[in-house]
Amino acid sequence: AEAALLQSEKLAAVGRLASSIAHEINNPLESVVNLLYLIEQTVHQDAEQARQFALLAQQELARVSQIATQTLRFFKQSTSRQRVDIPGLMDSVLALYAGKLVNSNVEVVREYRDRVELVCLEGELRQALNNLVGNAIDVMRVGGRLRVRVRGATDFATGRTGVRLTVADTGVGMSSATQSRIFEPFFTTKGIMGTGLGLWITQELVVKENGRLGVRSREDQPEKPAGTTHGTVFALFLPDGAV
Ligand code: ADP
């Protein structure tokens, strides 16, 4: 069962990873295709101009290679808990979606009030945030607002201190039938575009870290571009692993 679980975790990470990478490298690759065409057209008449195009193409390809190495490093599982700057981690997740956010006309609102650190499994938390942010962007197809909030917090039930993370979108929300199944492995409403493992994995992390994950969602509402009302809000509480 442990092996199967690891296998599914990898599968889910790869699903998101593949679509993130594909999206992020597409723009630089298209530039390179255009630049090569321009080089071909100008190389005989204007060698200096062609050289400039070649330099630009090199820069674009360096960017592609940087994205590839970054993304591979990005999804490594943690071997132990370590102190993590949570707003910094959230920013690095958002950076992976920079292109997609612009293309889908999604505005990001960051609510980081104070410096918040947490001792936790960084790789796993990164994956969890990646799933929440990725899902939020998926449901805002006509644009919208992604609100990410990080706060130091105390769990009222247990008195433990830790961090509360909120990811809110202005997307379509979900029916109560959907909501009751979102944490099941392989449950997806995205057909072949989904793995149905993102939230299951996120829930697994929460269990491992002894945290809580809650969801609030509007039901079957028409999508509102950049509306002030929320489609779906995920709230994650993680206790500090150091205490
Ligand atoms: P996947 O994204 O591959 O479908 P997840 O486990 O991450 O897998 O999500 C399961 C399902 O939960 C999604 O297919 C979608 O129906 C629903 N869901 C998740 N996040 C949101 C959201 N922010 N808004 C609306 N529905 C969501």
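The values are calculated or read from the model by the stated rules, or taken from the named source; none is laboratory data. Since we're looking at a predicted model, the values are computed, not measured. Heads up, the Cβs are rebuilt from the backbone with ideal geometry, glycines too, and the neighbour counts pull from every protein chain shown.
Please determine, by comparing only the residues of the range 187-243 that are among the aromatic types (F, W, Y) and in contact with a Ser or Thr (Cβ under 9 Å, 6 or more places away or on another chain), which one is modelled with the highest pLDDT. Let's see the steps before the verdict.
Within the range 187-243, the subset among the aromatic types (F, W, Y) is 187, 200, 234, 237.
This time we only want the ones that are in contact with a Ser or Thr (Cβ under 9 Å, 6 or more places away or on another chain), so: 187, 200, 234.
Values: F187: 88, W200: 87, F234: 97.
The extreme case among them is F234.
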*Of (1) over 18 Å from G211 (Cβ atoms); (2) buried (at least 17 other Cβ atoms within 10 Å of the Cβ), V93 satisfies all except one. Which?*
(1)
*asked:* Yes or no: the range 145-157 includes at least one residue that is more than 10 Å from the ligand (Cβ to nearest atom), under 12 Å from T232 (Cα atoms) and in contact with a Ser or Thr (Cβ under 6 Å, 6 or more places away or on another chain).
replied: yes
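Considering every residue within the range 49-72, establish whether at least one is in a helix (DSSP H, G or I), in contact with a Phe, Trp or Tyr (Cβ under 7 Å, 6 or more places away or on another chain) and modelled with pLDDT of 90 or more.
Narrowing the range 49-72 to residues in a helix (DSSP H, G or I): 49-72.
With in contact with a Phe, Trp or Tyr (Cβ under 7 Å, 6 or more places away or on another chain) added as a condition, the list becomes none.
No - not one qualifying residue is present in the range 49-72.
Matching residues to (1) touching a Leu at 6+ places or on another chain (Cβ under 6 Å); (2) of a type in the set (D, E, K, R); (3) closer than 16 Å to L89 by Cβ:
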{"site": "V148", "(1), (2), (3)": "no, no, yes"}
{"site": "G159", "(1), (2), (3)": "no, no, no"}
{"site": "V167", "(1), (2), (3)": "yes, no, yes"}
{"site": "T178", "(1), (2), (3)": "no, no, no"}
{"site": "F187", "(1), (2), (3)": "no, no, no"}
*Any idea which of (1) away from the ligand (no atom under 16 Å from the Cβ); (2) outside any helix (DSSP H, G or I); (3) buried (at least 17 other Cβ atoms within 10 Å of the Cβ) is the one V32 doesn't satisfy?*
(2)
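Would you mind stating whether Y112 is aromatic (F, W, Y), away from the ligand (no atom under 16 Å from the Cβ) and either surrounded by 21 or more Cβ atoms within 10 Å (Cβ to Cβ) or within 28 Å of Q66 (Cα to Cα) (or both)? Even if it seems obvious, please write down each step before you answer.
Working: aromatic (F, W, Y): yes; away from the ligand (no atom under 16 Å from the Cβ): yes; either surrounded by 21 or more Cβ atoms within 10 Å (Cβ to Cβ) or within 28 Å of Q66 (Cα to Cα) (or both): yes.
In short, yes.
Only one of these is farther than 30 Å from Q82 by Cβ, polar (S, T, N, Q) and buried (at least 16 other Cβ atoms within 10 Å of the Cβ): S217, S180. Name it. Give the steps one after another, and end with the answer.
On the way: S180 fails: buried (at least 16 other Cβ atoms within 10 Å of the Cβ).
Of the residues listed, the single one that is farther than 30 Å from Q82 by Cβ, polar (S, T, N, Q) and buried (at least 16 other Cβ atoms within 10 Å of the Cβ) is S217.
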*Restricting the search to the range 161-178, which residues are near the ligand (Cβ under 8 Å from one of its atoms) and in contact (Cβ under 8 Å) with a residue 40 or more places away in the chain?*
V167, D169, G171, V172, G173, M174
*Does the range 94-138 hold any residues that are within 22 Å of G173 (Cα to Cα), outside any helix (DSSP H, G or I) and of a type outside the set (K, R), and which are they?*
Y97, S104, N105, V106, E107, V108, V109, E111
*Within the range 107-116, is there a residue that is out of contact with any Cys (no Cβ under 9 Å at 6 or more places or on another chain), among the aromatic types (F, W, Y) and free of Cβ contacts under 8 Å to residues at least 24 places away in the same chain?*
no
*Quick one: how many residues across the range 172-219 are under 18 Å from A235 (Cβ atoms) and aliphatic (A, V, I, L, M)?*
9
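Taking T195, is it in a loop (DSSP other than H, G, I, E, B), near the ligand (Cβ under 6 Å from one of its atoms), in contact (Cβ under 8 Å) with a residue 24 or more places away in the chain and not aliphatic (A, V, I, L, M)?
On the way: in a loop (DSSP other than H, G, I, E, B): yes; near the ligand (Cβ under 6 Å from one of its atoms): yes; in contact (Cβ under 8 Å) with a residue 24 or more places away in the chain: yes; not aliphatic (A, V, I, L, M): yes.
In short, yes.
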